[in-house]
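Remarks on the structure that follows.
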Amino acid sequence: MTPEEEVAHAKLHLRASAHAEASVYSLNNPYLIPTQKAAVEAVYQFPLGAMSFAFGCLALAADQSLMAAYLNASFIGALAWALASFGPTKLISRIGFITGGWVATLIDIALAAWAAYEQRWAVAGIMATTAFGITSIVMSPTWLWSSQGKGMNPKYRIAKRLFGLVFPFERHLGALG
């Protein structure tokens, strides 16, 4: 390989590595301290929790059909996502601790228990699986977060907004080719 080819190959490898690093977010990442990671998760989970709680309340308290409750909760989840994406992120990170994590799990289980008490078995099953994140694939905020990536995991984008960070891999993110 000629020296020019070696340089081109090294640049391509560096860009590919940067792209891989930017695309996959892990709680084990070395760029954020634990409190920052928790705040990022709170912002990310906020619209998912809002949609989950909205579904449970609409299906139970408002006595909507499953489809109507799902569609209305999807709209509420999309609004919550817009607020988390473009609104006051530091405030959302504080609220997000209620709509994400163990608090959200307890609320979802409580809504599932309420549904079971009322013998609304479909709602109880949905809320029980939501408590453990199984239904996140059909939640509008999940799809909205993934559409916002633009070459970087949405959680890294949240960290950039929250803390004004520039990640080391960003300077190498360019067209791969």
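Scanning region 55-85 for residues that are without any contact (Cβ under 8 Å) to a residue 60 or more places away in the chain and touching a Leu at 6+ places or on another chain (Cβ under 7 Å), which turns out nearest to V138 (Cα to Cα)?
Among those residues, the one meeting the criterion is A73.
Identify, by number, the condition in (1) part of a helix (DSSP H, G or I); (2) modelled with pLDDT of 95 or more that Q119 doesn't meet.
(1)
Out of curiosity, is R171 outside any loop (DSSP other than H, G, I, E, B) and surrounded by fewer than 16 Cβ atoms within 10 Å (Cβ to Cβ)?
Yes; evaluated as a whole, the condition is true for this residue.
E6 is checked against (1) of a type outside the set (F, W, Y); (2) buried (at least 16 other Cβ atoms within 10 Å of the Cβ); (3) in a helix (DSSP H, G or I) and fails just one. What number does that condition carry?
If we test E6 against (1) of a type outside the set (F, W, Y); (2) buried (at least 16 other Cβ atoms within 10 Å of the Cβ); (3) in a helix (DSSP H, G or I), just (2) comes out false.
Name the residue, out of L32, L58, that is assigned to a loop (DSSP other than H, G, I, E, B), under 26 Å from the mean Cα position of the chain (by Cα) and surrounded by 11 or more Cβ atoms within 10 Å (Cβ to Cβ).
One residue alone meets the criteria, L32.
The values are calculated or read from the model by the stated rules, or taken from the named source; none is laboratory data. Note that the structure is a prediction, hence the values are computed from the model and not measured. Here the Cβ is made from the backbone with ideal geometry for all residues, glycine too, and neighbour counts use every protein chain on show.
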